[in-house]
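**Student:** Before we start, here is the structure in question, set down as C-alpha cells.
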Amino acid sequence: MPKYYTPKEANESLTIVRPLVEEMMRISERIRAHQPELWAVAQKAAGNGGSPALSKLLPDFERLHEILHQLQGMGVEVKDLIIGLIDFVALRDGREIYLCWQYGEGSIRYWHEIEAGFQGRQLIDWE
C-alpha cells in the first residue's frame with residue numbers, strides 16, 4: 001500500500017527531499033555533460049574489459065541510484081531528473097492524486113490527477 005501524503009506532510013518532508021533532489025539534479029547534469037563521449041567509450045569498453053572514463057563516473061551512477069531508492073522508499077516519485085520534478089501520492093475525495101513539486105518552488109502548492117501530469121496542475125485548495 002502506498003504512503004499517502006497530506007499537503008502538510010509533503011511540505012514537511014521537503015527538508016529531506018529538497019537537498020536530495022538538488023544533488024540528483026547535479027549528478028544528472030554531470031552524467032549528461034559526458035553523454036556523447038560515454039557512448040563511444042562504452043562501446044570500446046565492452047570489448048576490452050573496462051574504461052577509466054566510465055569508471056570515473058561510476059560513483060555518480062551509484063549515488064544517483066541511492067538517491068532514487070531513498071526517495072522511492074519515502075513514497076516520492078521522481079518524474080524529471082533535469083528540472084527536479086517530483087510527485088507525492090495523496091488522496092482527494094477518495095481517489096489517488098499527486099501533490100506536485102518542482103525544484104525551486106518554495107513549497108508544495110499544486111496537485112494534479114494521476115493521468116493529467118504537470119500540465120494539469122491545480123492549486124491546492126484543501127489541507
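The values are calculated or read from the model by the stated rules, or taken from the named source; none is laboratory data. Computed from a predicted structure; not experimentally measured. Positions of Cβ are generated from backbone atoms using ideal geometry, with glycine treated the same way; all protein chains shown enter the neighbour counts. Just so you know, the surface numbers come from the protein's heavy atoms only, side chains and all, with ligands and any DNA or RNA stripped out. Shrake-Rupley method; radii C 1.70, N 1.55, O 1.52, S 1.80 Å.
**Student:** If I filter region 62-79 down to residues being open to solvent by less than 80 Å² (accessible area, probe 1.4 Å) and without any contact (Cβ under 8 Å) to a residue 24 or more places away in the chain, which single residue comes out as farthest from the chain's Cα centre (by Cα)? Outline the logic, then answer.
**Tutor:** To start, the set of residues in region 62-79 that are open to solvent by less than 80 Å² (accessible area, probe 1.4 Å) comprises 63-64, 67-68, 71, 73-78.
Those left that are additionally without any contact (Cβ under 8 Å) to a residue 24 or more places away in the chain: 73, 77.
Values: Gly73: 12, Glu77: 6 Å.
By that ranking, first place goes to Gly73.
**Student:** Further, regarding this structure: What number goes with the only condition from (1) among the aliphatic types (A, V, I, L, M); (2) more than 21 Å from Met1 (Cα to Cα); (3) at pLDDT 90 or above that Ile114 does not pass?
**Tutor:** (2)
**Student:** Pick out, from region 75-117, the strands (runs of 3 or more DSSP E) lying fully within it that include 2 or more residues that are out of contact with any Cys (no Cβ under 8 Å at 6 or more places or on another chain).
**Tutor:** Values: elements: 76-80, 85-92, 95-102, 110-113.
Qualifying strands (runs of 3 or more DSSP E): 76-80, 85-92, 95-102.
**Student:** Then there's this: Which count do you get for residues in region 1-20 that are open to solvent by 80 Å² or more (accessible area, probe 1.4 Å) and part of a loop (DSSP other than H, G, I, E, B)?
**Tutor:** Number satisfying all stated conditions: 2.
**Student:** Does Leu57 satisfy the condition of being open to solvent by less than 50 Å² (accessible area, probe 1.4 Å), aliphatic (A, V, I, L, M) and in contact with a His (Cβ under 9 Å, 6 or more places away or on another chain)? If you could, list the steps in order and put the result at the bottom.
**Tutor:** On the way: open to solvent by less than 50 Å² (accessible area, probe 1.4 Å): yes; aliphatic (A, V, I, L, M): yes; in contact with a His (Cβ under 9 Å, 6 or more places away or on another chain): yes.
Considered against the rule, which asks whether it is open to solvent by less than 50 Å² (accessible area, probe 1.4 Å), aliphatic (A, V, I, L, M) and in contact with a His (Cβ under 9 Å, 6 or more places away or on another chain), Leu57 comes out as yes.
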